[in-house]
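This report refers to the structure that appears directly beneath it.
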Amino acid sequence: MYQLNLNWQTFLPQYWQKRPTVIRGAFANFVDPISPDTLAGLAMEPELDSRIVARQGNTWLVAHGPFESYDHWGEQDWSLLVQAVDHWYEPVNALVAPFRELPNWRLDDLMISYSLPGGGVGPHLDQYDVFIIQGLGRRRWRVGEKGQHRQHTPHPDLLQIDPFEPIIDVELNPGDMLYIPPGFPHDGHALEPSLNYSVGFRAPSGRELLCSFADHLLDHELGGQRYQDPELQARAHPGQIQPAELAGLRQLMLAQLQDETGFASWLASFLSQARHELDEQPVEPPYRPDELLTGLNEQGLRRQGGVRCLYLQETPQQLFILGERIEVPAEGAALARLLADEPAPSQAALLTACQNPALCQWLTNLVNRGWWYFPTQDDEE
Ligand code: SIN
Ligand code: CO
């Protein structure tokens, strides 16, 4: 269990999306949930997205995982960065848990970096809200003011910016945390072999939303209505698009978005789509409901890391999981909410819900998809 010393009520209005800040001792007596060796091992797996960024004098190198060995990288000036470790290595999820006060749909992943002294990715910008927690070691972080920062690529796979004037310049010790809103330049430089945990929150752009909405219209053969102009009049300037025509065409597009039910359901399914590769393994052979009950008598379930599960306040009888809309059986709304709100729903609550055979069958189907599972000792490490 990680206890985060942060008052969300004061932090959110003051800093969230507004100003970077340092939270000293955000986690007291910090214990890393993963070792550098385990992280290095995960970066040897092809399913995980990992890279090494190294600096040799003025030259930057980038290598992409999976890695076979780390021997030739030396003892300084490089970092190993592994994305979405929370999707693959359950023990690190304990560190994400305190951030569940923020909406799940905003959470992207937990990226973990291991840096040798001098290691870092150089000055750069991110389009994320990120909480960077210092684990093992010490790292110097500089954060600059938002503004016009010229971007350049010292390596084709590395986007950096020119040096910036810091407004924050700190050495982070284990348990300290830095919050950086999108667009604030930053640069981390390890002073000692360091582990850093980046809890990243990404918001969709208008472009991403519109692209996905357009796909939704195509998939469901919606939006086929054409513009109509029964009042059309002859005109002197046939090359011109008139303001009323522009307004009418825009209205035709907006009408698609104004279909309340279709919009909400598309949006929830879009927001529940996977953002990274997942460890999604259907149960083989599948559980029968009585077997699920036997398991539940032993312990509760845990949601597989990276499984995004959301619901809309207006329609609690539907769950949206990894882009799929799942109908919830009658009397199942409370169970559905529990599954979406709690990464590790309690044994007692699940057992109570499963007294209803229809709900037990439904939950069994979800577990058989590989979306929830019974944790083993290894998950608790
Ligand atoms: C890192 O841990 O080195 C990178 C984190 C970041 O700057 O986004
Ligand atoms: Co960054």
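Values as computed for the structure displayed
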read-out: Within the accessible area of the chain (1.4 Å probe), percent carbon and sulfur; value: 50
read-out: Zero-based 10 Å bins, Cα pair distances in the chain, whole percents; value: 4, 19, 26, 23, 16, 8, 3, 1, 0
read-out: Sorted peptide list for 297-306, 130-139, 64-73, criterion being average Cβ within 10 angstrom, highest first; value: 130-139, 297-306, 64-73
read-out: Sorted peptide list for 277-285, 198-206, 113-121, criterion being average Cβ within 10 angstrom, highest first; value: 113-121, 198-206, 277-285
read-out: Within a Gaussian network of the chain (alpha carbon springs, distance under 10 Å), most fluctuating of V143, V92, V62; value: V62
read-out: Gyration tensor verdict on the stretch 289-380 (Cα atoms; rounded if a/c is under 1.5, prolate if a/b is larger than b/c, oblate otherwise); value: oblate
read-out: The chain - Cys residues lacking any other Cys C-beta under 4.7 Å; value: C211, C309
read-out: Distance in nm between pseudo-label sites at H152 and T376 (7 Å out along the Cβ direction from Cα); value: 5.1
read-out: About the Cα centre, charge dipole magnitude for the stretch 8-201 (Lys/Arg +1, Asp/Glu -1 at Cβ), debye; value: 740
read-out: Protection proxy ranking of 312-319, 179-186 - average other beta-carbon atoms within 10 Å, highest first; value: 179-186, 312-319
read-out: Charge sum, other residues only, whose C-beta stays under 13 Å from I52's C-beta, Lys/Arg counted +1 and Asp/Glu -1; value: -3
read-out: DSSP H segments from the chain that extend 15 Å or more along their own axis, Cα-based, with Kyte-Doolittle mean of -0.5 or above; value: 206-219, 243-257, 260-271, 357-368
read-out: Options Q377, N7, Y311, ranked by Cα towards positive dipole end of the chain, top entry (Cβ charges); value: N7
read-out: Leading residue at positive end of dipole, the stretch 1-98 (Cβ point charges), from H64, A26, N93; value: A26
read-out: Among D157, D32, D108: highest mean-square fluctuation, GNM of the chain, C-alpha pairs under 10 Å; value: D157
read-out: Average accessible surface area per residue within the chain, 1.4 Å rolling probe, Å²; value: 53
read-out: Rounded, prolate or oblate (a/c below 1.5 giving rounded, otherwise prolate when a/b exceeds b/c) for the stretch 228-381 by Cα gyration tensor; value: prolate
read-out: R0 of 22 Å, Cβ-Cβ distance Q17-E208: FRET efficiency to nearest 0.05; value: 0.80
read-out: Calculated [θ] (222 nm, deg cm²/dmol) that DSSP helices of n ≥ 4 give over the chain, each run adding -39,500 (n - 2.57); value: -7500 deg cm²/dmol
read-out: Dipole magnitude of the chain, debye to nearest 20 (Cβ charges: Lys/Arg +1, Asp/Glu -1, about Cα centre); value: 1260
read-out: Residues whose placed amide H lies under 5 Å from that of G25, excluding near-sequence neighbours; value: D176, M177
read-out: Candidates N173, N29, N365: whichever shows maximal mean-square fluctuation once the chain is modelled as a Gaussian network with Cα springs under 10 Å; value: N29
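The values are calculated or read from the model by the stated rules, or taken from the named source; none is laboratory data. Because the structure is a prediction, the values reported are computed rather than measured. Here Cβ is always computed from backbone atoms with ideal geometry, including for glycine, and neighbour counts include all displayed protein chains. Heads up: the accessible areas ignore ligands, DNA and RNA and are worked out on the full protein's heavy atoms, side chains in. Shrake-Rupley method; radii C 1.70, N 1.55, O 1.52, S 1.80 Å.
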